[in-house]
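Report on the following structure.
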């Protein structure tokens, strides 16, 4: 049975993503991947359109889907401002039921967020069902050592949680002259279930005054390389390959923290 995805990608956090989470070297990486694999394409977990909007601007036939209505609304506003026509669907990956099939599906920074492991496996199955025969899934993944390289003792020693809110926050000026601030802390860690629960606090400042504060949590399922390979095979994919992000080579066991899975329907 599918579960509701619970994330922090709403309200002020969605606005932050739309204002500041733009660009990046992975835009060109995934653009080239789509051109090599074929169109039409789907950006599953498209958020506020960081990848989706540049792809549409460049003429790629691509749709977007995301679990967050707020994230999609910001993407739609920007598309409307630029006169771009994009089909976007408010659906979590494990709920995908779209009107057409795709030659390529990309998943960037969105796997394992907010649902259960069963949801994640069902999401891969739904993606497989939405691919044309011979179509490909291209999905990135950050290995656990990205966040835990300095705290591997967490896996064997029970940490004191929740962590306190950090004293240093990220505060930036938005396009309208007001300010947004984000900070994150760890609420829980379960080494048996391989999950971590993070809490994000977002604040909105007008003329230096805190006029709104929102706090939301997200459960992140922690996956290692071999687990995802097995899940892809169980979901019906074939010819699964894993490379270092941005390079056509196997990942290095110590140096590469971001990897890319490619699998064919």
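Okay, residues lined up against (1) on the phi > 0 side of the Ramachandran plot; (2) modelled with pLDDT of 95 or more:
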| residue | (1), (2) |
| --- | --- |
| 177 | yes, yes |
| 186 | no, no |
| 189 | no, no |
| 228 | no, yes |
| 247 | no, no |
| 256 | no, no |
Which of the strands (runs of 3 or more DSSP E) found entirely inside region 175-265 contain at least 3 residues meeting this: buried (at least 17 other Cβ atoms within 10 Å of the Cβ)? 179-190, 195-206, 209-221, 258-264
May I ask you to say which residue of 249, 173 is without any contact (Cβ under 8 Å) to a residue 60 or more places away in the chain, in contact with a strand residue (DSSP E or B) (Cβ under 7 Å, 6 or more places away or on another chain) and not assigned by TED's automatic domain parsing to the domain that holds residue 106? 173
Reported set for region 94-112 where residues are within 19 Å of residue 55 (Cα to Cα) and surrounded by fewer than 17 Cβ atoms within 10 Å (Cβ to Cβ) is 100, 101
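Listed here are the residues, each with its yes/no results for (1) surrounded by fewer than 24 Cβ atoms within 10 Å (Cβ to Cβ); (2) without any contact (Cβ under 8 Å) to a residue 40 or more places away in the chain; (3) not assigned by TED's automatic domain parsing to the domain that holds residue 257.
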residue: 6; (1), (2), (3): yes, no, yes
residue: 17; (1), (2), (3): yes, no, no
residue: 28; (1), (2), (3): yes, yes, no
residue: 32; (1), (2), (3): yes, yes, no
residue: 39; (1), (2), (3): yes, no, no
residue: 76; (1), (2), (3): yes, yes, no
residue: 87; (1), (2), (3): yes, yes, no
residue: 91; (1), (2), (3): yes, yes, no
What do you reckon, is residue 44 closer than 20 Å to residue 245 by Cα and without any contact (Cβ under 8 Å) to a residue 12 or more places away in the chain? no
Confirm whether residue 115 is modelled with pLDDT under 95, closer than 30 Å to residue 61 by Cβ and either out of contact with any helix residue (DSSP H, G or I) (no Cβ under 9 Å at 6 or more places or on another chain) or surrounded by 13 or more Cβ atoms within 10 Å (Cβ to Cβ) (or both). yes
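The values are calculated or read from the model by the stated rules, or taken from the named source; none is laboratory data. Just so it is clear, the structure is predicted and the values come from calculations on it, not from any experiment. Counting neighbours? That spans all protein chains shown, and the Cβs are built from the backbone with ideal geometry, glycine included.
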